[in-house]
Structures are given as C-alpha cells and as structure tokens.
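The values are calculated or read from the model by the stated rules, or taken from the named source; none is laboratory data. Keep in mind it's a predicted model, so treat the numbers as computed, not measured. When we count neighbours, we look across all protein chains shown, and the Cβ atoms used for this are built from the backbone with ideal geometry, even at glycine. Keep in mind that these areas ignore ligands, DNA and RNA; they rest on the heavy atoms of the full protein, side chains included. Shrake-Rupley method; radii C 1.70, N 1.55, O 1.52, S 1.80 Å.
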Amino acid sequence: MSVFLAALPLLAVIALLVLGRGAVPSSLVGLTLALVTGVLAFPVARGVFASEGLAFLPIVIEVTLILLTGVVLARLLGALGAMTRISDWVLGASPGPTAGAVLVVFGIIPFAESVTGFGIGMTVGIPILVHLGYSIRTSAVLGLLGMVAAAWGGLAPGAKVAAGLLGLSLTDLGVATSHFNVVPVLVVAVVVTVVVRDRLAGLLYSLLAGIVLSIGLWGFNTLIGTPLAGVLATLVVVAALLVAFRARGARATFDRELGLALVPYGVLTAGLLLCSGLAALAPGPVTTLLSSPPVWLAAACLAAAIRLVRRGPLLRPTVLQGMRAFVPVGMSTAAFMVMGWSLSVFDMSTRMGEALSGLGVWTVPALGMVGSVLAGSITGSLSMFATTFGSIAHITGSPELPIVAAGMAASGLANGASPARAALAVTMAVQALPPDSALRPAEPAERSAAERSVLGWVVALSAVSAAGVALALTLTV
C-alpha cells in the first residue's frame with residue numbers, strides 16, 4: 001500500500017497526460033498529490049522540509065529564468081528572420097541533399113536546440129529538409145531525431161534539475177551523460193544513412209558528424225562545463241562538416257546579413273565562456289551570478305531586441321508573445337520540479353525505487369524515455385524521475401552518477417517522441433511545401449495519418465536507443 005501511495009502522484013500525471021489533459025494541469029495535480037500524500041502518509045520534520053526547500057529554491061528560479069529567456073529569444077530571432085537566413089545559408093553550403101541532411105540533423109538542429117530548447121531546432125531544420133527534397137514524413141522523422149543532443153538543450157536545465165535534486169556535480173553528470181549519449185548518436189547515424197539518397201556519402205558524413213559530436217560533448221563538458229557543451233560541440237560539428245563539404249567543391253558564403261543573424265548566439269556563447277572562466281579563476285557571488293545561463297540568455301535577447309527596434313513597433317508584441325508562450329512551459333516545469341523534490345524530501349522516491357530495483361537498473365533508461373514522451377520535455381522527465389533514479393542506484397548498490405546519466409541520455413532522444421512534437425513536425429514540413437504542391441495533404445485524415453506514422457517511428461527509434469543505453473548501463477555497473 002505504501003508503494004502505491006508513493007507512486008500515486010506519478011501515476012496520476014501519467015494518466016492525465018495519456019488522456020491528453022496537457023502538461024500544466026497534469027503537473028499541478030501531480031504536485032498537489034505529492035504534497036498532500038507526503039504530509040499525510042510520509043511526514044517529515046518541519047525543519048527538514050523548510051531547509052531542503054530553501055536549498056532547492058534557487059535551482060527552481062534559475063531553471064525558470066532559463067526557460068523564460070530562451071522562449072523570448074526564440075521569438076525575437078523568428079521576428080528578425082534570423083532562422084530563415086541561417087536556413088538559406090545551410091542550403092547554399094551543402095553539396096547535395098545527403099550532405100545537407102547530415103548537416104541539419106547533426107549540426108543545425110542540435111545547435112539551435114542547445115541555445116534555445118523547446119523544439120526550436122526542429123522548426124528550423126525541418127523546412128530545410130523539405131527544401132532539400134525529402135518527403136513530409138522523412139523530413140519530420142529526421143527533424144525529430146535532431147534531438148540527438150537534447151540532454152544539453154536550452155543550456156541544460158534538465159541536467160541542472162537532476163544534479164540539484166540529487167546533490168551531484170553538474171559537470172560530472174554532463175561528462176557521464178556524454179558517454180551514454182554515444183548510443184543515440186549511433187542510432188541517428190544509422191537512420192540517416194538508410195534514408196538519404198547517397199548512402200555511402202551519408203554513412204561517411206554521419207560517422208564524421210557522430211564522432212565529432214560525441215567527442216565534442218565529452219570534451220566541452222570536461223573543459224568548459226555542461227551548459228555550453230551542446231552549443232560548442234554542435235558548432236564544431238558544423239565546422240567539421242563544412243570543411244568536408246568544401247573538399248567536395250561546396251562553398252559556404254558569409255555575408256553581413258548572416259553575421260547579424262548570428263550576433264545573439266555570439267553574445268550568449270562568448271559571454272558565458274568568458275564569465276565561466278572568471279568564475280573558475282575567482283569564485284565569488286558576482287562571478288557566479290555572471291556565469292549563470294539566464295544572464296547571458298537575457299543579454300542575447302537584448303542584442304536581438306536592439307535590432308528589432310529598428311524595424312518598427314515589433315518589439316513589444318514579440319516579447320509579449322514570448323512571455324505568453326512561456327507561461328505553460330514555465331508553470332509545468334516548475335510544478336514538475338517541485339513535485340520531484342517533494343517525492344525526494346518525503347522519501348517517496350525511495351519507496352518507488354525499492355519496488356523497481358528488483359527489476360534491475362535497466363528500468364532507469366526506460367523511465368527516462370517514458371518521462372520525456374509523456375512530458376514532452378527532458379526537464380520535466382528528470383524533474384519527475386531523477387530522485388527515483390537515485391533511489392534505484394542506492395538500493396541496488398550501484399554508483400549513482402552513471403545511473404542518472406543513463407536516464408538522462410535516454411530522455412534526450414525521446415524528447416522528440418511526444419504526440420505534440422510529432423504534430424508540430426508534420427505541420428512544419430507541410431508549411432514548407434509550396435501551396436500548389438501535390439505532396440501537401442488534401443484532407444485532415446491524411447495529416448493525422450502522417451502524424452501517427454511519424455510518432456510511431458520516432459517512439460520506436462527512441463525505444464531502440466533506450467534499450468542500447470540500458471545495455472551499456474548494465475555492462476558499466
């Protein structure tokens with residue numbers, strides 16, 4: 001009975017999400033049940049509750065600010081047409097559709113996702129894939145598989161949540177996750193090779209991109225830290241592929257418009273790099289604050305806003321649109337985070353871990369995948385399940401770090417496997433077609449069929465990835 005009560009908040013969330021109630025009401029119901037059940041069935045001393053809550057509050061605030069500034073930045077860049085200019089550059093820099101697909105899946109989508117998160121990467125990449133000549137379904141599937149580095153998406157708030165809930169080093173967690181992330185990288189490389197037109201070129205380009213991405217994620221997590229690892233690793237992937245394309249005769253042109261489109265990204269990356277270095281050399285409250293991702297996401301927003309002001313009265317409505325879009329994302333993420341903290345502080349996650357530990361540590365990647373599919377967010381997944389991962393590790397006598405890292409790696413690729421993401425992916429592909437295209441679905445039923453097909457493929461591939469991560473975890477621990 002105690003195990004059922006401990007799992008009740010998660011079971012309620014899963015049921016509500018399956019019924020299509022949405023992340024906000026599901027997360028609020030889960031949070032309420034976690035607090036009520038914890039107080040009534042698993043009480044703790046008030047002092048412990050208060051001290052643990054105050055310790056976790058800064059993490060909730062920082063992650064919420066990352067989400068807010070990330071959503072606003074995405075809106076500002078869209079209003080500026082920055083993503084369109086970058087898309088045009090990708091089309092011109094690729095020697096053919098095979099090379100372009102690899103560049104989009106391993107470079108452009110992961111880069112945009114690492115900077116802003118929230119599936120923005122696929123909204124950039126899927127139209128490019130359509131323009132390269134790929135079908136609606138193929139473009140949508142490849143676009144969703146571009147979440148191959150989603151564990152570092154949006155400057156890695158999910159990793160920050162898991163590290164904060166379990167008291168782990170954020171850098172150590174990022175490094176360990178990069179080891180397990182080799183599995184989803186391999187899965188995506190195989191899929192890209194199979195679906196492109198020139199399979200030999202696809203294999204060679206995918207291997208190059210996958211190796212550079214995996215080494216880059218490990219290296220930048222180790223040397224720079226987790227928040228910027230995805231941004232820098234994907235930039236190196238883009239650079240490596242462009243060098244390879246140049247050897248095939250392609251020429252990437254850089255002009256003033258492209259440079260201006262990249263300014264906000266440059267402000268964000270350079271500012272975080274500089275201040276992270278200062279924080280390492282002279283640790284203190286000021287340097288710690290300046291090295292926080294929300295500070296430089298806000299600076300990137302300011303850089304974009306300055307340009308947008310010159311285009312007329314667009315700034316205020318664009319920012320308001322971003323803030324309105326943030327509300328459901330921010331509310332659900334914060335609620336999931338506090339729910340996860342509640343499960344931990346009331347020791348409910350330990351009881352669930354005890355029930356699952358008998359099945360073995362392989363359940364961790366499966367839970368991570370399920371969490372991402374249901375919540376549509378790696379941050380939401382880790383907020384729900386990170387403490388359960390930790391409990392499974394302790395009960396099975398396994399090291400906690402690789403267990404949590406495996407769950408995080410499995411959550412990443414599955415970030416694109418939610419029904420809402422599949423619907424958005426198909427919509428982006430359809431919108432990229434000319435109005436008179438024969439490929440455009442004529443009936444709503446055709447679009448629904450495409451969405452179901454895309455979702456089925458991405459869920460299946462995410463399951464294969466999670467199974468591979470589970471195997472790697474079993475062999476590791």
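Quick check: Cα centre of the stretch 345-362 to Cα centre of the stretch 235-293, how many Å? Result: 41 Å between the Cα centres.
A Förster radius of 41 Å, combined with the Cβ-Cβ distance separating Met323 from Asp255, puts the computed FRET efficiency at roughly 0.80.
Heavy-atom surface analysis with a 1.4 Å probe gives the chain a carbon and sulfur content of 70 percent of its accessible area.
At a 1.4 Å probe radius, which order do Ile66, Ile224, Ile211 fall into by accessible area, largest first?
On the way: Ile66 5, Ile224 65, Ile211 100 Å².
The residues order as Ile211, Ile224, Ile66, largest area first.
Overall, the stretch 96-249 carries a charge dipole of about 320 debye about its Cα centre when +1 sits on the Cβ of Lys and Arg and -1 on the Cβ of Asp and Glu, all other atoms neutral. The mean sequence distance of close C-alpha pairs (under 8 Å, at least 6 residues apart), as a share of the length of the chain, puts its relative contact order at 24 percent. Normalised by the number of residues in the stretch 90-165, the average gap of Cα pairs under 8 Å and 6 or more apart makes the relative contact order 34 percent. A Cβ-based charge dipole, computed about the Cα centre of the chain with Lys and Arg at +1 and Asp and Glu at -1, lands at about 960 debye. If r is the Cβ-Cβ distance from Val18 to Ala460 and R0 is 25 Å, what FRET efficiency results, to the nearest 0.05? With R0 = 25 Å, the Cβ-Cβ based efficiency is 0.85. Once the C-beta distance of Ile215 and Ala270 is scaled by a Förster radius of 30 Å, the resulting FRET efficiency is 0.85 to the nearest 0.05.
Taking the 0 to 90 degree range and rounding to the nearest ten, how far is the long axis of helix 157-166 tilted relative to the main principal axis of the chain, both from C-alpha atoms? Between the helix axis and the principal axis of the chain, the angle is about 20 degrees.
What area, in nm² and to one decimal, does the C-alpha convex hull of the chain cast on average over all directions?
22.6
Going by Cα centres, the stretch 20-66 and the stretch 377-413 are how many Å apart? So the separation of the two Cα centres works out to 18 Å.
What ranking do 18-25, 194-201 get when scored by the average of other Cβ atoms within 10 Å per residue, highest first? Spell out each step's value before the answer.
Numbers: 18-25: 14.0, 194-201: 15.8.
The packing order, highest mean first, is 194-201, 18-25.
Placing a label point 7 Å from the Cα of Leu200 along the Cα-to-Cβ direction, the residues of the stretch 60-96 whose backbone N falls under 19 Å from that point are 95-96. Each peptide in 93-103, 37-47 was scored by the mean count of other Cβ atoms within 10 Å over its residues; highest first, the order is 93-103, 37-47. Highest mean packing first, where packing is the average number of other Cβ atoms within 10 Å per residue, the peptides 295-305, 362-372 line up as 362-372, 295-305.
May I ask you to give the solvent-accessible area per residue for the stretch 129-288, in square angstrom, as obtained with a 1.4 angstrom probe?
Values: 6400 Å² over 160 residues.
Counting only protein heavy atoms, the per-residue value for the stretch 129-288 is 40 Å².
The angle between the Cα long axis of helix 2-18 and the longest principal axis of the Cα atoms of the chain comes to about 30 degrees, rounded to the nearest 10. Per-residue ellipticity at 222 nm, computed for the chain from helices alone with -39500 (n - 2.57) per DSSP H run of at least four residues, works out to -27000 deg cm²/dmol. Here is the size of the stretch 323-477 from its Cα atoms: Rg then Dmax, 18.3, 61 Å. Compared with the dominant Cα axis of the chain, that is its longest principal axis, helix 170-180 is turned about 70°.
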